[in-house]
Amino acid sequence: MKISYSYVTLRYVHDVVTGEFANVGVVLYAPDQRLLEARFTISYERLNAIFLKIDNAHFRALMRYLSNRFEELSEDLRDSLKFLPVNGIVQLVRQVLPPDDSSLQWSEAGGGFTENAEETVRQLFARLVERYVRESDLPSRTDDEIARPFKAALEKKQVAQRVRQKRIEGRDYQYEFQFGWQNAVWHVYEPVSFDLMSTGSIVEKANTWLGRGMALQDSQEKFKIHFLLGEPRQPGTAKAFEHARHLLGKIPGNPQLVRENRLAEFAEEVAEKISGHDQGGT
């Protein structure tokens, strides 16, 4: 049975005079399924290639903020007794990002009919956003998808509110990690999907993280990085993933590398540590 849906794209408008823009996200609304799903890219390199001089840390933080806000709004809609008709998507997205004169602007709404709304939003995201990224850099699973089991486990243990984004600042570089909490030091957790199309992209992504870790080592704050690793599924990528893990291990501070099959268990361990700290432990 087909259901109606509507969608909008989120545009990064580089120059309001010329109208130059690039799509950086898609939001789909299917009221018959009470589904509101948003997907945003964190590939600032693509914007840099088009427009130059994009603030990496600010862009990633903003995209993650929007993802989190839409997750909250989606949960509210699922629990609500009242919901807007299919053409109410503009009203919904403006609750998260109202119209203004900033560089992020919503497109006009589109729509149609589908038998699978979740598959439709994946297709829209691939067609309207990811098609402009080099194929070898496209993940089969995004960093945010790798983070979902970890985040869900923290929510189940009712400690998710104690974990927040944390910006670590070095002398010449700063980076905002997706999850962080503090006891004697800051523990920061970052999902990294190596489920990429080519072995070269896998190693290069790890090498980028090695450089990032080196640039943060002179931070005034004490911190420890915990990487939540999404493993590659493409045939012939096992060796590249091994090289990637070795590169991550070279980051100062002895980062922890958490394999995908341990994510749920690891999240429970983190939750216990947070609970213990809140109750007066260390």
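For this structure, a couple of remarks:
- Remark: spin-label model distance residue 246-residue 3 equals 4.9 nm, labels positioned 7 Å along the Cα→Cβ axis.
- For the chain: accessible area per residue (Å², 1.4 Å): 53 Å²
- Cα long-axis angle, helix 56-79 against the chain (0 to 90 degrees, to the nearest 10): 60 degrees
- For segment 62-96 and segment 195-257, distance of Cα centres in Å: 34 Å
- Proximity of backbone amide H atoms, modeled 1.01 Å from N, is registered between residue 21 and 14 at under 5 Å, excluding neighbours fewer than 5 places apart on the same chain.
- Share antiparallel - DSSP beta bridges, the chain, percent rounded to 5: 75 percent
- Helix 199-216 and the longest principal axis of the C-alpha atoms of the chain enclose an angle of approximately 70°.
- Sites listed here are trypsin sites (Lys or Arg not before Pro) in segment 186-282 whose DSSP assignment is loop and whose Cβ has at most 16 other Cβ atoms within 10 Å: 222, 233, 250, 259.
- Listed by chain and number, the lysines whose alpha-carbon sits under 24 Å from that of residue 2, ignoring those within fewer than 8 places in the same chain, are 82.
- For the chain, the longest principal axis of the alpha carbon atoms and the long axis of helix 263-278 meet at an angle near 70°.
- Distances between placed amide hydrogens fall under 5 Å for residue 104 paired with 13, all partners being 5 or more residues away or on another chain.
- With every protein chain in place, segment 150-282: carbon and sulfur % of accessible area (1.4 Å): 46 percent
- Using the Karplus relation 6.51 cos²θ - 1.76 cosθ + 1.60 with θ = phi - 60°, the per-residue 3J(HN,Hα) values for segment 172-184 come to 10, 7, 9, 8, 9, 7, 6, 10, x, 8, 10, 10, 5 Hz, with x marking Gly and Pro.
- Protein-only accessible surface order, largest first, of 187, 243, 277, 226 at 1.4 Å: 243, 277, 187, 226
- For the chain, calculated [θ]222 nm from helices alone, where every DSSP H run of n ≥ 4 adds -39500 (n - 2.57): -13000 deg cm²/dmol
- Sparsely packed GluC sites (Glu not before Pro) within segment 202-282, loop by DSSP, other Cβ within 10 Å at most 15: 221
- Accessible-area value, residue 34, 1.4 Å probe, nucleic acids and ligands omitted, Å²: 80 Å²
- Note, ³J(HN,Hα) from phi for segment 23-28, Karplus 6.51, -1.76, 1.60, rounded to Hz, x at Gly and Pro: 6, 10, x, 9, 10, 10
The values are calculated or read from the model by the stated rules, or taken from the named source; none is laboratory data. Please read these numbers as outputs of a predicted model, since none were measured by experiment. Reconstructed Cβ throughout: ideal geometry from the backbone, glycine too, with neighbour counts over all protein chains shown. Heads up: the accessible areas ignore ligands, DNA and RNA and are worked out on the full protein's heavy atoms, side chains in. Shrake-Rupley method; radii C 1.70, N 1.55, O 1.52, S 1.80 Å.
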